[in-house]
Amino acid sequence: MNKNKRKQIKPRYVLWLVVLLCLIFIGVSLKNNGEKLSIQNGISSLILPMEKGLNSVGQWFGEQREHNRSLNELSAENEELKQQIEQLNTKISSMENNLSELEALRELLKMKELYPDYDMVGARVISKNAGNWFHSFTIDKGSNDGIKKDMNVIYDNGLVGIVTDVSANSATVRAIIDDTSSVSGMLSKSNELCIVNGDLQLYQEGLLDVEMISKDAQVAAGDEVVTSYISDKYLPGLVIGYISNVSMDSSNLSQNAEITPKVSFDNITNVMVITQLKADMVASEAEEEES
């Protein structure tokens, strides 16, 4: 047998291929209700399912691409909204600060109307000592703002305390409720003198201790107590509080009392510092008398 002789396809394989094609066309024809099927239609019938499958895959990829693009757009919008929210929060914070400053200015105006003879500067409380009450606290004004030791501090139309320590940009205030505080006071209606002492235990009941009231003084609940003219550090006429009850002391030589402070010492935010010192006022009055 010649080795170079070409191999020929065996007739039986050709037969099987023809049979297979016939079966496929018969099946497709049955699927189409027995209608005659052209070669073109047959090929189309074979290819159509594949085409549908490819179209479905393509459509799925397209939908995923649109979905991802939508997610990216939403992410960008979300980031932009976050920035807008931060900007709005900054504006709100600025507006709140402006409102706080406005309230401080209104408070200053009220104080000036009540105490027209005194010059004042507003200050904000920035810290306080431990405890429930503001018996000692720090303000955000110091020597750079003209604040000096022994300047009087007021809030809500009443006496808060006195400056005890000053730095360049802050100062410490000791409130009249502190145990170490003692203020020379007097009854507004009679000018009767008294001493108002701080007492943190008594202030738990919202009161301050008053002593050394003349036994003959007419004192009643509700009487106003202000700083006296003889105090060496406190300016005269600042409201301290109001008498709540009176009793005779154990020696029967004077009367004692308790007063409700004008100021509530559990929440102080802004205060006014009177920039005049009692010592300077006394010196000025002495010079006037000499001249």
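The values are calculated or read from the model by the stated rules, or taken from the named source; none is laboratory data. The structure presented is a predicted model; accordingly, all values stated were derived computationally and were not measured. Accessible surface is based on the protein model in full, side chains and every heavy atom, while ligands, DNA and RNA are left aside. Shrake-Rupley method; radii C 1.70, N 1.55, O 1.52, S 1.80 Å.
Could you derive backbone 3J(HN,Hα) for the stretch 111-128 from the dihedral phi with the Karplus parameters 6.51, -1.76 and 1.60 (θ = phi - 60°), listing whole Hz in sequence and x where the residue is Gly or Pro?
Ordered by residue, 3J(HN,Hα) equals 5, 5, 5, 6, 10, x, 7, 10, 8, 9, 9, x, 8, 10, 6, 10, 6, 8 Hz.
Translational D (Stokes-Einstein, µm²/s) of the stretch 219-265 at 4 °C and 1.567 mPa s when Rh comes from the Kirkwood sum over C-alpha pairs?
110
When we measure straight from the Cα of LYS149, which aspartates and glutamates land under 16 angstrom away, once same-chain ones fewer than 8 places off are left out?
Cα-Cα hits under 16 Å: ASP119, ASP140, ASP165, ASP232, ASP280.
Each residue of the stretch 177-188 in turn: what ³J(HN,Hα) in whole Hz from Karplus with 6.51, -1.76, 1.60 and θ = phi - 60°, glycine and Pro shown as x?
8, 5, 4, 8, 8, 9, 10, 6, x, 7, 7, 4
Could you work out how much longer the chain between GLU96 and ASP249 gets when fully extended? Use 0.36 nm per residue separation minus the Cα distance between them, nm to one decimal.
Numbers: separation 153, 0.36 × 153 = 55.08 nm, distance 5.05 nm.
Computed gain between GLU96 and ASP249 is 50.0 nm.
Using a 1.4 Å probe and ignoring any ligands, DNA or RNA, find the accessible area of LYS189 and quote it in Å² to the nearest 10.
Only protein atoms counted, so the area is about 130 Å².
For the pairs LYS112/LYS278; LYS189/LYS215; LYS91/LYS112; LYS91/LYS128; LYS112/LYS262, flag any whose C-alpha to C-alpha distance is greater than 21 Å. Write down the numbers at each step before the final one.
On the way: LYS112/LYS278 18 Å; LYS189/LYS215 16 Å; LYS91/LYS112 31 Å; LYS91/LYS128 28 Å; LYS112/LYS262 17 Å.
From LYS112/LYS278; LYS189/LYS215; LYS91/LYS112; LYS91/LYS128; LYS112/LYS262, over 21 Å: LYS91/LYS112; LYS91/LYS128.
What does the C-alpha gyration tensor say about the overall shape of the stretch 184-291? Classify as rounded when a/c is under 1.5, otherwise prolate if a/b is larger than b/c, or oblate. Could you put the intermediate results ahead of the total?
Working: a/c = 2.47, a/b = 1.31, b/c = 1.89.
Judged from the Cα gyration tensor, the stretch 184-291 comes out oblate (a/c at least 1.5, b/c at or above a/b).
Once amide H atoms are placed 1.01 Å from N in the peptide plane, what residues at a sequence separation of 5 or more from LEU238, or on another chain, have their amide H within under 5 Å of its amide H?
Under 5 Å from the amide H of LEU238: THR227.
Please list GLU211, GLU205 from largest to smallest accessible area, probe radius 1.4 Å, with all protein chains kept in place. List each step's numbers first, then the result.
Details: GLU211 65, GLU205 130 Å².
My answer, sorted largest first, is GLU205, GLU211.
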